[in-house]
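Report on one structure; see the data block that follows.
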Amino acid sequence: AGGAAMAEGEGLVSVDYEVSGKVQGVFFRKYTQGEAKRLGLVGWVQNTSHGTVQGQIQGPTASVRELQEWLRKVGSPQSRISRAEFSNEKKIVALEHKDFRILK
């Protein structure tokens with residue numbers, strides 16, 4: 001990475017995620033949204049028909065990493081996370097979402 005890139009912060013990334021375990025009916029989406037907003041990230045979160053929670057996160061690399069760690073280890077107080085998988089990570093030039101939404 002060149003010096004110029006560092007000056008602008010670390011650039012933006014987009015990453016998809018899916019979290020398995022006891023993650024539905026435990027306010028997981030609400031807590032994920034709260035954590036994402038605290039970190040200044042955008043994207044979305046939703047329950048899937050097969051009992052997992054999935055979504056997309058976009059924002060500065062360091063903050064995205066922080067939310068990935070949170071999704072892997074913390075979650076909502078009543079949740080039990082067995083696995084968090086991340087895919088389709090890519091650098092983006094601009095955020096593709098206005099905020100962090102809970103999708104039904």
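Using the structure shown, decide if residue 104 is modelled with pLDDT of 95 or more and not acidic (Asp, Glu). Taking the combined requirement at face value, the residue does not satisfy it. When 83, 65, 72, 38 are checked against the criterion of being over 14 Å from residue 16 (Cβ atoms) and in contact (Cβ under 8 Å) with a residue 60 or more places away in the chain, 83 stands alone in meeting it.
When segment 53-101 is filtered for residues that are surrounded by 15 or more Cβ atoms within 10 Å (Cβ to Cβ) and among the β-branched types (Val, Ile, Thr), the ones remaining, listed by number, are 53, 57, 61, 64, 81.
With respect to residue 14, determine if the residue is open to solvent by less than 30 Å² (accessible area, probe 1.4 Å), touching a Gly at 6+ places or on another chain (Cβ under 9 Å), modelled with pLDDT of 95 or more and outside any strand (DSSP E or B). Talk me through it step by step, then tell me what you get.
Values: open to solvent by less than 30 Å² (accessible area, probe 1.4 Å): yes; touching a Gly at 6+ places or on another chain (Cβ under 9 Å): yes; modelled with pLDDT of 95 or more: yes; outside any strand (DSSP E or B): no.
Criteria not met by residue 14.
Are any residues in segment 19-31 open to solvent by less than 50 Å² (accessible area, probe 1.4 Å) and either touching a residue at least 60 places away in the same chain (Cβ under 8 Å) or not in a helix (DSSP H, G or I) (or both), and if so, which ones? Before the answer, list the steps.
So the first thing to find is which residues in segment 19-31 are open to solvent by less than 50 Å² (accessible area, probe 1.4 Å), and the list is 19-21, 23, 26, 28.
Of everything in segment 19-31, those that are open to solvent by less than 50 Å² (accessible area, probe 1.4 Å) and either touching a residue at least 60 places away in the same chain (Cβ under 8 Å) or not in a helix (DSSP H, G or I) (or both) turn out to be 19, 20, 21, 23, 26.
For segment 41-52, the count of residues that are at pLDDT 95 or above, touching a helix residue (DSSP H, G or I) at 6+ places or on another chain (Cβ under 9 Å), open to solvent by 50 Å² or more (accessible area, probe 1.4 Å) and outside any strand (DSSP E or B) is zero. If the condition is being touching an Asp or Glu at 6+ places or on another chain (Cβ under 6 Å) and closer than 16 Å to residue 12 by Cα, then segment 77-101 contributes 87, 88.
The values are calculated or read from the model by the stated rules, or taken from the named source; none is laboratory data. None of the values given here were measured: they were computed from a predicted structure. FYI the Cβ positions are ideal-geometry reconstructions off the backbone, even for glycines, and counts take in every protein chain you see. Protein only, heavy atoms only, side chains kept; ligands, DNA and RNA dropped before computing areas. Shrake-Rupley method; radii C 1.70, N 1.55, O 1.52, S 1.80 Å.
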